[in-house]
Structure formats: structure tokens, C-alpha cells
Amino acid sequence: MWKLVNGKLIQTTDVSRVKFRTNISSSILESLKITAEENDTHINYLIESGLKTVLAQNVISFNKKLRPKDRIQYKTTYDKELLENVKDFAKNNHLFINDVIEYSVQFIDIENSKNSSYKHRVE
């Protein structure tokens, strides 16, 4: 992101975002990649949208026996506060964070997802 300081633009790191690594279904990631490209956004912005919806509902119906078998490592950044809330939500529901992420994909709201230029915003 960029900050306007004394009339000059200075590039800074967005401290509200944190790096996070987890394992997610490769087929879900491939589907999200296509959706992100079609809607000028990034995969992690789509995931964040779905996670916000799941947290707002405060209910999850996840069958642990149906966990995907094609999980691969996925590293990206998330909103720090959102990720902390997801960690608590997963713990309270006796799930792993990747389970919550995969479940949340069905609740993605593309219209309210950040677009790909969000990280280049000026504040």
C-alpha cells in the first residue's frame, strides 16, 4: 500500500495483514484461481469474503469424514484480526483452520471481495 506523507507517496507494508501457511484442497484452489482471474481479485481476498460470512453466521456444519484428500500447502496473507477470529472459531468448533477455510468457500461474496488493486491503494 502507499501512504501520502507531506505530498509524497511512500510505499509501506500493510501491518494489518499477516502471512499464514496451511493445507488446502488443490481442486478448491484451482477453482478459486479461475474465479479470481475472472473477477479481477486474488484468491486470499475471495477466501476472506467467505470466512467473514461463516464467522457472521457463527455456525458450521462440517463432516470431518469428507475432508479432501488432495490438500497441498498454500501460503498467503490474511487480515490479522480475521485470521485470529478464524483460529478461535476453529478451536471452539473442534476443527482445523483449513477445514474452516475450505468450508467457507461456498459462502464467498464476489461482489464484496476486494479487487486486485487493493494492495496498491493510497491511504
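The values are calculated or read from the model by the stated rules, or taken from the named source; none is laboratory data. Because the structure is a prediction, the values reported are computed rather than measured. Cβ: placed from backbone, ideal geometry, glycine included. Neighbour counts: every protein chain shown. Calculation scope for accessible area: heavy atoms of the full protein, side chains included, ligands and nucleic acids excluded. Shrake-Rupley method; radii C 1.70, N 1.55, O 1.52, S 1.80 Å.
Do we have residue 119 as within 19 Å of residue 15 (Cα to Cα), touching a helix residue (DSSP H, G or I) at 6+ places or on another chain (Cβ under 8 Å) and either open to solvent by less than 50 Å² (accessible area, probe 1.4 Å) or modelled with pLDDT under 95 (or both) here? Working first, answer last.
On the way: within 19 Å of residue 15 (Cα to Cα): yes; touching a helix residue (DSSP H, G or I) at 6+ places or on another chain (Cβ under 8 Å): no; either open to solvent by less than 50 Å² (accessible area, probe 1.4 Å) or modelled with pLDDT under 95 (or both): yes.
No; evaluated as a whole, the condition is false for this residue.
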Show the residue pairs that are 6+ apart or on different chains and have beta-carbon atoms under 7 Å apart, the first residue being within the range 64-87 and open to solvent by 70 Å² or more (accessible area, probe 1.4 Å), the second being hydroxyl-bearing (Ser, Thr, Tyr).
-> 72/26; 80/16
Scanning the range 45-63 for residues that are crowded, with 16+ Cβ neighbours inside 10 Å and of a type in the set (A, V, I, L, M), which turns out farthest from residue 110 (Cα to Cα)?
-> 60
Expected output for the range 19-44 (first residue open to solvent by 30 Å² or more (accessible area, probe 1.4 Å), partner polar (S, T, N, Q) and part of a helix (DSSP H, G or I), Cβ below 6 Å, 6+ apart or cross-chain) is 23/98; 40/116; 42/116
